[in-house]
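Asker: My questions will all concern the structure given below.
The values are calculated or read from the model by the stated rules, or taken from the named source; none is laboratory data. These numbers come from a predicted model, not from an experiment. Quick reminder, even Gly has a Cβ in these numbers, built from the backbone with ideal geometry, and neighbours come from all protein chains shown. Accessible surface areas use protein heavy atoms only, side chains included; no ligands, DNA or RNA. Shrake-Rupley method; radii C 1.70, N 1.55, O 1.52, S 1.80 Å.
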Amino acid sequence: MKIINGKEIADKIILDIKNEIISKNLNVGLAVILIGDDFASKTYVRMKRKKCLDANINSYLFEYSNSIDEKTIIDKIHALNNDDKIDGILVQLPLPKHISIKTVIEAIDPNKDIDGFHPINVGKVLLGYDDTIFPCTPLGIKILLEKTKIDLTGKHVVIIGRSNLVGKPLFAMLVQNKKKLNATVTICHSYTKDLKQIALSADIIIAAIGKANFITKDFIKKGSIVIDVGINYENQSDGTKKIVGDVDYENVKELCSYITPVPKGVGPMTIAMLLKNSLICHKKNKKYE
Ligand code: GUN
């Protein structure tokens, strides 16, 4: 069994981004919109901004209370679309119920859609275009597999979780008729029958369910590869929170050929891809240099 060290791979990518930004003297700007006081969202935003700082990317935080109205957010996004120092706009999800995620995402200029959530960019991913913005977590997983020299050609990839953020775009990316891809992809979700049987037929399992330790060892074929996308916060008796994945890591790890840990697996790659996308958007949008 080998552990895929996502943190190490991510740190190297971030260093390359930083070196490029410094050597070319680029002024890359990322706007982050955070609404409400969700613990996980605040944590992610803090981590994302810390890595921006490490990579010499300027991040601008716009924080709003839970009760903010939709129009204020849309007006802010329009202003950021027209702001030359901003290359990318990130609206941290989830949003409060009274704000439409569809309206918010569609308001973002597709060329500043750093998360790759805009329908135009999602459509391009589905069509297999290379000149689009890929969503950060699926892109991070694809690069983790590439860097680990895992060829997906003809392999059975079982994705558990059909979210717009991970499962659906990841399916579209891994199924493409491209070198080292061409996977046979099955997406499973809460209504899937015989989930265990399907998982047992996987060469690669990608767990993106959002339930701590959901994937136990009886889901795992010996020698398979396990990618754990889960970031679940478990309350500890001392009042702190511990991060655990969707995979019962301790019991699953002996069965697989490769596994990503939580933390230090997919999570750091998601952030590295955010920085990579910021640089890509900067290059596309550099109207002012
Ligand atoms: N919430 C959970 N993951 C993400 C992400 O990748 N991007 C944004 N904007 N919100 C999230």
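Asker: Give the residue, chosen from Gly154, Gly167, Gly128, that is small (Gly, Ala, Ser), within 16 Å of the ligand (Cβ to nearest atom) and touching a residue at least 12 places away in the same chain (Cβ under 8 Å).
Answerer: Of Gly154, Gly167, Gly128, the one residue that is small (Gly, Ala, Ser), within 16 Å of the ligand (Cβ to nearest atom) and touching a residue at least 12 places away in the same chain (Cβ under 8 Å) is Gly167.
Asker: Return the pair list, or none, for Cβ contacts closer than 6 Å from residues in segment 267-278 that are open to solvent by 10 Å² or more (accessible area, probe 1.4 Å) to residues that are away from the ligand (no atom under 12 Å from the Cβ), at least 6 apart or on different chains.
Answerer: Within 6 Å, the pairs are Pro268/Gly6; Pro268/Lys7; Pro268/Ala10; Ile271/Lys51.
Asker: Evaluate the following for Lys283: is it in contact with an Asp or Glu (Cβ under 8 Å, 6 or more places away or on another chain), more than 14 Å from the ligand (Cβ to nearest atom) and not in a loop (DSSP other than H, G, I, E, B)?
Answerer: no
Asker: When Leu95 is evaluated against the numbered criteria (1) at pLDDT 95 or above; (2) within 23 Å of Met173 (Cβ to Cβ), which criterion, by number, is the only one it fails?
Answerer: The one condition Leu95 does not meet is (2).
Asker: With respect to the numbered conditions (1) among the basic types (Lys, Arg); (2) within 16 Å of the ligand (Cβ to nearest atom); (3) within 22 Å of Asn177 (Cα to Cα); (4) touching a residue at least 60 places away in the same chain (Cβ under 8 Å), which one is the sole condition not fulfilled by Lys112?
Answerer: The failed condition is (3).
Asker: Then there's this: Within segment 27-57, how many residues are within 22 Å of Leu279 (Cβ to Cβ), open to solvent by 60 Å² or more (accessible area, probe 1.4 Å) and either touching a strand residue (DSSP E or B) at 6+ places or on another chain (Cβ under 8 Å) or away from the ligand (no atom under 16 Å from the Cβ) (or both)?
Answerer: Here the count works out to 4.
Asker: Could you count how many residues in segment 73-103 are β-branched (Val, Ile, Thr), open to solvent by less than 50 Å² (accessible area, probe 1.4 Å) and either away from the ligand (no atom under 14 Å from the Cβ) or more than 22 Å from Leu165 (Cα to Cα) (or both)?
Answerer: Qualifying residue count for the region: 2.
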